[in-house]
Every structure is written in C-alpha cells, then in structure tokens.
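The structure appears right after this line, and notes come after that.
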Amino acid sequence: MRWTKSAEEAIAKVPFFVRKRVRKKIEAEAEAAAATEVTLDHVHAAKQHFLKKMEEDVQGYRLEHCFGSGGCPNRILDQNDFPQRIEEILKKSDLKSFLESKVNGPLKFHHEFGVSLADCPNACSRPQIADVGIIAAAVPVVGANDCTHCGLCADACQEKAITVAEGMDAPVIDATACVFCGQCVKACPNETLVRGKEGFRIMIGGKLGRRPRLATELKGIFAPSEALQLLERILDFYVSHNQQGERLGEIVERVGVEKIAPLDAASTK
Ligand code: SF4
Ligand code: SF4
Ligand code: SF4
C-alpha cells in the first residue's frame, strides 16, 4: 500500500525493532477502512490505540524472576512461595493508583516499580537494573568437621575467595570477595564448610533509560521474612518521597539511601 510523505516521516520515528510490525498493523487498519493509501491520520489513530492499550496493561509494578524454580542447579534456596509473597506486597501497595496520581500524562511501562528476584548471584533476571533487586544468598561458615585440605572448595569458588593451605585448621574465606553462592559448601566432601545464614542480598535504585544507574546494595544478608519487611519499608520510602512518579533510583540520588528505616543489626553480615 502507498504511504503519504507525512505518514512515512511519522513511521520513521517508531523504534526500528518494532517498525515493521507497526507498519503492517497500520496498513491493515487503513485497508479495513477502505483507504487506498496510509495517511498521517492512520498513523495517529494507531498511536492512540497503542497508548490506550498500554495504559490498560500497566499494573503499576512488575516482578521478574529468574528460571531457578524451573530446576536450575545453581538455585540456592527452595523458597517456592517467596515470589508470591513479594507480589502480595506489591499488589497491596496499589502502585497503579499511586502512579496515576503522580505522573503527568498517560502511564507507561517504564513508570512501573520493578522488582527482580534472582535465585543465585549469577543474577539472570538482572536485579542490578531493577528498582529493587533481590538475590538469594547462603553464607559459608566452617563447621565442626575437620578439613583435609583437599582444596575442592577453593577450586569451586569462581571469586577466588578461599585460601586453603597445609597448617591451617580450616579454609579462610575472604568475606569481601564472597558473593554467597554456596558452591564451596556443595563441593566440600567432609561438610567442613556448611551453610550459615541463608536469605537474600538486596539492592535498590537500579534502572536503565535516559540516565542508567546500577542498584545500590544494602548491607547485610536478609532472612526471607526480613527481606519482605524491608521491601515494605522501601515501598513506604518510595511513596513518601516520590514527586512525579520518578524511579526509585532518582529518589535515592536525591534524598539518600540512609533515609530508608534501617532493619535491626541481626540482618547485617
Ligand atoms: S540466577 Fe542462578 S538460579 Fe537463577 S536461573 Fe540464573 S543461574 Fe539459575
Ligand atoms: S559462597 Fe561462593 S563466592 Fe563465597 S566462598 Fe563459597 S564459592 Fe566462593
Ligand atoms: S573445607 Fe572441605 S573442600 Fe575445603 S579443603 Fe577442607 S575438606 Fe576440602
């Protein structure tokens, strides 16, 4: 079908990765209206239709989860109801109504409050660019059984956080390098290394867009109930400091992460 010059100019502004699809849709709508060429009016009508549909689909939040529960061997915790509990908190917050009251103009997907849950530090769900990123963690500690200095734990550690040497009673773990993946515990044949605290690392304020920002990690490993409690506090912080529906990262930059009510010392590493 022929396109007028102004319609061609308008479609050229649509991002290249969806342009072909959008073009086809507009042509189908023009054909349905018995038009012989696509005009700027057809392009504008399609845009309005898309924006309206997007407004209906925006739910105020989005929760992403890696594929850990699908049988990934790296998964650290079997907290199968954890994503559901996160979603309950997000739903209860009624973020869609809140954002509608703050955002000037129609709500779009990029306004939504994003939570990303990863079941291990490989972070396949990209928690570093979510408003709240949650990463499962298990702290390795030395248990009661003797170490044979086999070195399997050090071999298993991708972070090179473990030192094993003859003469040492037990391996030494560099807590600043450890990402709490639990692989050394799995590798130890004697159960010399065992799991200490299990829970989640939490990072906040990540985003892409015009001014990308990697999330700031909060200090501590949070037990599941503590992580959920902290999520509620972060949401309170987000709602009470939000001016125009901006992302959490912008608020953190403006008012400082320390304004989020701290959890008790039991949560810190
Ligand atoms: S983040 Fe870890 S547990 Fe989740 S899918 Fe990736 S590797 Fe598997
Ligand atoms: S938990 Fe992971 S990162 Fe930490 S010492 Fe063990 S293998 Fe290394
Ligand atoms: S802690 Fe376990 S895996 Fe590591 S050297 Fe000792 S016995 Fe081997």
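The values are calculated or read from the model by the stated rules, or taken from the named source; none is laboratory data. The structure presented is a predicted model; accordingly, all values stated were derived computationally and were not measured. Using ideal geometry, Cβ is built from the backbone for each residue, glycine included, and neighbour counts are taken over all protein chains shown. Accessible surface is based on the protein model in full, side chains and every heavy atom, while ligands, DNA and RNA are left aside. Shrake-Rupley method; radii C 1.70, N 1.55, O 1.52, S 1.80 Å.
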**Request:** For segment 93-211, list log₁₀ I(q)/I(0) at each q in 0.22 Å⁻¹, using the Debye formula over Cα point scatterers of equal strength and ignoring solvent, two decimals each.
**Result:** -1.16
**Request:** Kindly work out what percent of the DSSP beta bridges joining two residues of the chain are antiparallel, to the nearest 5.
**Result:** 60
**Complete:** segment 2-56: Kirkwood hydrodynamic radius (Cα pairs, Å) comes out at 11.3
**Helix-only CD estimate at 222 nm, as mean residue ellipticity for the chain, using -39500 (n - 2.57) per DSSP H run (n ≥ 4)** = -11000 deg cm²/dmol
**Asked** Stokes-Einstein D for segment 105-163 at 10 °C, 1.306 mPa s, Kirkwood Rh over Cα pairs, in µm²/s?
**Response** 107
**Prompt:** Tell me, how many Å apart are the Cα centres for segment 232-263 and for segment 130-172?
**Reply:** 35
**Item:** Accessible area of segment 2-56 belonging to carbon and sulfur atoms, whole % at 1.4 Å probe
**Value:** 59
**Complete:** Expressed in µm² per second, the diffusion coefficient of segment 1-92 from the Stokes-Einstein equation, with Rh the Kirkwood radius over alpha carbon pairs, at 10 °C and 1.306 mPa s, is 95
**Request:** Calculate, for THR148 and ALA177, the FRET efficiency according to 1/(1 + (r/R0)^6) with r their C-beta to C-beta distance and R0 25 Å; round to the nearest 0.05.
**Result:** 0.60
**Prompt:** So what's the net charge close to LYS91: Lys and Arg +1, Asp and Glu -1, counting the other residues with Cβ under 14 Å from its Cβ?
**Reply:** -1
**Request:** Using Cα pairs closer than 8 Å and at least 6 residues apart in sequence, work out the relative contact order for the chain, in percent.
**Result:** 16
**Complete:** Net charge (Lys, Arg +1; Asp, Glu -1) of residues whose beta-carbon lies under 15 Å from that of GLU9, GLU9 excluded, is +3
**Prompt:** If you place +1 on the Cβ of every Lys and Arg, -1 on the Cβ of every Asp and Glu, and leave all else neutral, what size is the dipole of the chain about its Cα centre, to the nearest 20 Debye?
**Reply:** 1180
**Item:** Charge context of THR36, other residues only, Cβ under 14 angstrom, K/R +1, D/E -1
**Value:** -4
**Prompt:** If one takes the longest principal axis of the Cα atoms in the chain, at what angle in degrees, from 0 to 90 and to the nearest 10, does the Cα axis of helix 82-92 lie?
**Reply:** 50
**Request:** Could you give me the radius of gyration and the Dmax of segment 64-158, taking only the C-alpha atoms into account and expressing both in angstrom?
**Result:** 18.9, 65
**Request:** Enumerate the lysines that LYS197 could reach by cross-link, defined here as Cα to Cα under 23 Å, with residues fewer than 8 away along the same chain left out.
**Result:** LYS160, LYS186, LYS219, LYS269
**Request:** Give me the compactness ratio for the chain, meaning the Cα radius of gyration over 2.2 N^0.38 Å.
**Result:** 1.33
**Asked** Under the rule that a partner needs its Cβ under 4.7 Å from the first Cβ, which Cys of the chain have none?
**Response** CYS72, CYS120, CYS147, CYS150, CYS157, CYS178, CYS181, CYS188
**Listed pairs LYS5/LYS207; LYS5/LYS52; LYS20/LYS207 exceeding 31 Å between Cα atoms** = LYS5/LYS207
